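Here, each number is a calculation from the coordinates, and none is a lab measurement. Note that the structure is predicted; figures quoted are calculated from it, not measured. Reconstructed Cβ throughout: ideal geometry from the backbone, glycine too, with neighbour counts over all protein chains shown.
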Amino acid sequence: GAGVSQTPSNKVTEKGKYVELRCDPISGHTALYWYRQSLGQGPEFLIYFQGTGAADDSGLPNDRFFAVRPEGSVSTLKIQRTERGDSAVYLCASSFGQRDTQYFGPGTRLTVL
Amino acid sequence: GQQVMQIPQYQHVQEGEDFTTYCNSSTTLSNIQWYKQRPGGHPVFLIQLVKSGEVKKQKRLTFQFGEAKKNSSLHITATQTTDVGTYFCAGPGGGQNFVFGPGTRLSVLP
């Protein structure tokens with residue numbers, strides 16, 4: 001595709017529910033990052049994939065958060081037992097390789113009621 | 001862990017005035033990137049600096065990487081209303097992650 005796409009654009013869920021957020025990176029980009037951005041803050045690193053493997057998941061807040069990238073392209077961020085504090089915009093970015101220019105998607109705005 | 005700070009947090013300027021934002025890292029960076037995020041939008045890559053003391057220009061924007069590779073600055077000459085947004089610096093953290101600063105939000109009054 002022409003750019004990074006993310007679905008859904010908005011997700012409203014209730015506390016305790018499970019959600020999946022999808023990221024479709026630019027074709028050919030092997031590196032994929034997930035970030036979380038709260039209002040008025042900079043993007044906060046969550047996890048980095050190089051190909052299919054999670055090369056660095058040090059930013060995941062706790063074990064309720066999990067991400068996969070089974071075929072080295074599309075990635076899914078999964079959040080179990082959502083809490084109100086999980087409300088934020090979840091951004092995905094892809095790049096040709098590690099440390100290269102990151103191209104961000106439009107984000108998914110998650111609201112946990 | 002590594003921290004990246006930016007000052008000022010907010011800046012309001014009159015159109016035509018200059019603007020500068022400063023970025024400071026707690027550790028030496030192999031490179032630093034700058035991004036711009038328009039209100040309601042997502043971060044968009046502006047530039048990457050790699051060398052100590054490097055200066056790069058993009059039209060009215062001038063980017064500088066400090067000699068010690070721990071600080072950087074972005075200067076905009078003669079701001080325009082199209083410059084409105086939040087400017088973030090970012091650099092490699094420990095491991096293979098990436099650390100963004102908190103950003104400087106620029107408002108330009110016409």
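The Cα-based radius of gyration and maximum Cα-Cα distance (Dmax) for the stretch B:4-109 are 13.1, 42 Å.
Placing unit charges on the Cβ atoms only, positive for Lys and Arg and negative for Asp and Glu, gives chain A a dipole magnitude near 320 debye about its Cα centre. As a size descriptor, the averaged projected area of the C-alpha convex hull of the protein assembly as shown was calculated at 12.0 nm². Placing unit charges on the Cβ atoms of the charged side chains and taking the dipole of chain A about its Cα centre, the candidate lying farthest along the positive direction among A:Gly107, A:Gly51, A:Ser95 is A:Gly107. Within 10 Å of the Cβ of each residue in B:95-105, the mean number of Cβ atoms contributed by other protein chains is 6. Computed from backbone phi, the HN-Hα couplings of the stretch A:96-113 come to 4, x, 4, 6, 7, 3, 9, 10, 8, x, x, x, 10, 8, 9, 10, 10, 8 Hz, rounded to whole numbers (Karplus: 6.51 cos²θ - 1.76 cosθ + 1.60, θ = phi - 60°; Gly and Pro given as x).
Projecting the alpha carbon convex hull of the stretch A:1-79 along each direction and taking the average yields 5.8 nm².
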